[in-house]
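The values are calculated or read from the model by the stated rules, or taken from the named source; none is laboratory data. In this text, all values refer to a predicted model and were calculated from it rather than measured experimentally. Quick reminder, even Gly has a Cβ in these numbers, built from the backbone with ideal geometry, and neighbours come from all protein chains shown. Note: accessible area is taken over every heavy atom of the protein model, side chains too, but ligands, DNA and RNA are not part of it. Shrake-Rupley method; radii C 1.70, N 1.55, O 1.52, S 1.80 Å.
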Amino acid sequence: MRDPCAIDQPTCISFSGGRTSAYMLWRLLQANGGLPADAVACFANTGKEVEATLRFVRDCAEHWHVPIHWLEYRPDAPGLAVVDFATASREGEPFEALIRKRQYLPNPVARGCTVSLKVRTMHKFVRALGWTEWDQFIGIRADEQRRVVKIRARGHSTESVSETMCMPLAEAGVTVHDVTAFWQAQPFDLELRTVNGRTLEGNCDLCFLKPRGQRLALIKARPEAAVWWIRMESLNLASKPSGARFRADGPSYADLARFAADQRDLFDGADEPIACFCGD
Ligand code: SF4
């Protein structure tokens, strides 16, 4: 049987900055004796990742001696910028630029942010390398069955038929327990806590797809995190001149910030997030 971690054609390894995709990168390095010449590892920064995530991406590159390309969305041609740990956006600049260009706020129905900030940004990067077809390795585990089934059924990206989606961890039967055990044995780790296998502050800090109770708990722990989200909801956008919300079916971020200031423990560990493809 073919090793799901073997790389034998142009391959883009999507590193979200979480433990699972970092583990995938490590497995790929082991299986291929390092990073093959026609493979690239990419981290697409939205500007709303917490600092610990940025440090973790940097640390993986340094500990494993692997180049990781830090990419950011830009609204004007060529549509992306290559940055690094020192120059990466930390104030949501790429995300805000997308919102201003599109003139609407992403929401659970018309998400757009994952695709524009991450998926298409990586596509632009590899196309600039001259690639016309490639494998896209993503860090989805065997225990994430809903996502596995959906991606397998599609086979390629929603954005490009040139890209074949590969889930080496799912193919190898890797579960969250394997990933946790791996990181417990490493000399460095992502400095973000997990609850029931979920990294609460992973991806964009207050992503609107995170459960409301989780966002409240995060705002309570770090009230300043809400400021950017509140500001985005107060923008005068063509789609909603008087302001819009990331979640029409819930409170605004300004309301969440008020609730968080008033209440004590609001995190409901059983509350389920909406699945997104930003990855862990
Ligand atoms: S983490 Fe959430 S807000 Fe950020 S790009 Fe992904 S879906 Fe959008």
Could you list, in sequence order, all residues of the stretch 122-155 that are in contact with a helix residue (DSSP H, G or I) (Cβ under 9 Å, 6 or more places away or on another chain), buried (at least 16 other Cβ atoms within 10 Å of the Cβ) and of a type outside the set (A, V, I, L, M, F, W, C)? Gln136, Gly139, Arg141, Asp143, Glu144, Arg147
Is it fair to say Asn203 is over 15 Å from Glu96 (Cα atoms), under 19 Å from the mean Cα position of the chain (by Cα) and either open to solvent by less than 10 Å² (accessible area, probe 1.4 Å) or more than 15 Å from the ligand (Cβ to nearest atom) (or both)? no
Scanning the stretch 88-110 for residues that are at positive phi and either within 11 Å of the ligand (Cβ to nearest atom) or not assigned by TED's automatic domain parsing to the domain that holds Trp70 (or both) gives Gly92
Could you grab me the full set of residues in the stretch 28-65 that are assigned to a helix (DSSP H, G or I), under 17 Å from Glu91 (Cβ atoms) and either open to solvent by less than 50 Å² (accessible area, probe 1.4 Å) or in contact with a helix residue (DSSP H, G or I) (Cβ under 7 Å, 6 or more places away or on another chain) (or both)? Ala52, Thr53, Leu54
Give Glu224, Glu171 a once-over and let me know the one that is in the same structural domain as Met24 (by TED's automatic domain parsing), open to solvent by 50 Å² or more (accessible area, probe 1.4 Å) and either modelled with pLDDT under 95 or of a type in the set (D, E, K, R) (or both). Glu171
Matching residues in the stretch 174-204 - criterion: being touching a Ser or Thr at 6+ places or on another chain (Cβ under 8 Å) and small (Gly, Ala, Ser): Gly197, Gly202
Going by what's in this entry, would Asp205 be described as of a type in the set (Asp, Glu) and part of a helix (DSSP H, G or I)? no
Show the residue pairs meeting these rules: Cβ distance below 7 Å; 6+ apart or different chains; first residue within the stretch 111-124 and more than 8 Å from the ligand (Cβ to nearest atom) and hydrophobic (A, V, I, L, M, F, W, C); second residue outside any loop (DSSP other than H, G, I, E, B) and modelled with pLDDT of 95 or more. Met122/Cys12; Met122/Ser14; Met122/Cys42; Met122/Ala44; Met122/Leu71
Among (1) assigned by TED's automatic domain parsing to the domain that holds Ala110; (2) surrounded by 17 or more Cβ atoms within 10 Å (Cβ to Cβ); (3) not polar (S, T, N, Q); (4) not in a loop (DSSP other than H, G, I, E, B), Arg215 falls short only on (1)
